[in-house]
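Read through the structure below, which is laid out as structure tokens, and then see the notes.
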Amino acid sequence: MTNNNMNNKDYQVAVSLLGREPRTPFIIKTRCPNGTPQTLLADPVFLEENLWKPFPSFIWLVCPRMKALTADLEQQGFVKYYSQKIRDDEAFRNEFLKGQREIADYRLKFAQSKFAGSLPEHIFEILKNTSVAGSRDYHGVKCLHAHLAHYLAFGNNPIGKEVFEKIGQCPNEINCGCKSLGGQE
């Protein structure tokens, strides 16, 4: 399964970084400086057993270095920290909610472009009313990886921006865990 932004080698590297064969088609949205897939953008709806299903967590962080460093931040309590910051900091909350509404609108339009006809109401509601991490609670943070992936792929996610500022971009000159999987040398 290749598409206009990746060849078969890119596809295999992306699947290897993801750690499984995906249930839905995807494209490489962003790449690490060495050219290896960093984030993937999956179709937000998919057909399984003749039923269309929503897939609200449609942006995936696959860079091994960024995934590991983000997991470290989660272990250090930053999920709780950002949930509290959303409650306490009005400017941060407003920026966050604006970004979540924008990504939900994008995801919904993307799903409508993949689905022949009108989206079923239950799929429309899920895609319209969930965060980038698939949560209905916009004031709670579920997964820093999803917020970082959102920031890298589209911007306008203050949680993802702060996570990125803490962990930084992968330097081109070091092996961030990607080159051994087929990234550009």
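Return the residues of region 124-148 that are small (Gly, Ala, Ser), crowded, with 17+ Cβ neighbours inside 10 Å and either touching a helix residue (DSSP H, G or I) at 6+ places or on another chain (Cβ under 6 Å) or not in a helix (DSSP H, G or I) (or both); say none if nothing qualifies. If you could, list the steps in order and put the result at the bottom.
Taking region 124-148 first, the residues small (Gly, Ala, Ser) are 131, 133-135, 140, 146.
Next cut, crowded, with 17+ Cβ neighbours inside 10 Å only: 131, 133, 135, 146.
Scanning region 124-148 gives SER131, ALA133, SER135.
Look through ARG101, ARG31 and report the one residue that is free of Cβ contacts under 8 Å to residues at least 40 places away in the same chain, surrounded by fewer than 16 Cβ atoms within 10 Å (Cβ to Cβ) and among the charged types (D, E, K, R). Outline the logic, then answer.
Details: ARG31 fails: surrounded by fewer than 16 Cβ atoms within 10 Å (Cβ to Cβ).
Testing whether each residue is free of Cβ contacts under 8 Å to residues at least 40 places away in the same chain, surrounded by fewer than 16 Cβ atoms within 10 Å (Cβ to Cβ) and among the charged types (D, E, K, R) leaves just ARG101.
Counting just the residues of region 34-54 that are at pLDDT below 90 and outside any strand (DSSP E or B), which one comes out surrounded by the most Cβ atoms within 10 Å (Cβ to Cβ)?
THR36
Looking at region 106-123, is at least one residue at pLDDT below 95, touching a strand residue (DSSP E or B) at 6+ places or on another chain (Cβ under 6 Å) and not in a helix (DSSP H, G or I)?
Yes, some residue in region 106-123 is at pLDDT below 95, touching a strand residue (DSSP E or B) at 6+ places or on another chain (Cβ under 6 Å) and not in a helix (DSSP H, G or I).
Filter region 9-28 for residues that are without any contact (Cβ under 8 Å) to a residue 12 or more places away in the chain and either over 18 Å from THR70 (Cβ atoms) or surrounded by 15 or more Cβ atoms within 10 Å (Cβ to Cβ) (or both) and give the result. It would help to see each step written out before you state the result.
Step one: of region 9-28, the residues without any contact (Cβ under 8 Å) to a residue 12 or more places away in the chain are 11, 15, 19-21.
If the condition is that a residue be without any contact (Cβ under 8 Å) to a residue 12 or more places away in the chain and either over 18 Å from THR70 (Cβ atoms) or surrounded by 15 or more Cβ atoms within 10 Å (Cβ to Cβ) (or both), then TYR11, VAL15, ARG20, GLU21 are the ones that fit.
Identify, by number, the condition in (1) within 21 Å of LYS29 (Cα to Cα); (2) crowded, with 16+ Cβ neighbours inside 10 Å; (3) of a type outside the set (A, V, I, L, M, F, W, C); (4) more than 18 Å from the chain's Cα centre (by Cα) that TYR151 doesn't meet.
(4)
The values are calculated or read from the model by the stated rules, or taken from the named source; none is laboratory data. Keep in mind it's a predicted model, so treat the numbers as computed, not measured. A quick note on method: Cβ atoms are made from the backbone with ideal geometry, for glycine too, and the neighbour counts reach across all protein chains shown.
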